[in-house]
Amino acid sequence: MKWINVKDELPKEDGEFLVHLYGDVTVKEFNSWTSGNGENSFEWFDWESIPGYGSQKGQVMGVTHWMPLPEPPINNKDR
């Protein structure tokens, strides 16, 4: 797999992806949506814990590159 620059292409489906963010590699969620004005928006999210409230999605800024998550290893016990 190779890294995809967000300026060249964004994920076509919502989901979790491996991202490059401020020099680190981590997993973030991508969601596309249409605003009330009919404009398309594409955003990276992370879950944030809010004391006394629970958790909510918070927008993540600074993602420069992304790639699909690799397939998990096959566990011989699962066969």
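For this structure, a couple of remarks:
- Only protein heavy atoms count here; under a 1.4 Å probe, Glu43 has an accessible surface of about 30 Å².
- When all protein chains stay in place and ligands, DNA and RNA are ignored, the 1.4 Å accessible-area order of Lys12, Lys28, largest first, is Lys12, Lys28.
- Asn5 versus Met67: modelled label distance in nm, points set 7 Å from Cα along the beta carbon direction: 1.7 nm
- Relative to the current alpha-carbon distance between Trp47 and Glu29, full extension at 0.36 nm per residue lengthens the span by 5.6 nm.
- Residue-level accessible surface for Val6, protein heavy atoms, 1.4 Å, Å²: 40 Å²
The values are calculated or read from the model by the stated rules, or taken from the named source; none is laboratory data. Predicted model only: the values in this text are computed from it and were never measured. Note: ideal-geometry Cβ built from the backbone for every residue, glycine included; neighbour counts use all protein chains shown. For the accessible areas, the whole protein counts, side chains as well, though only heavy atoms, and no ligand, DNA or RNA atoms are used. Shrake-Rupley method; radii C 1.70, N 1.55, O 1.52, S 1.80 Å.
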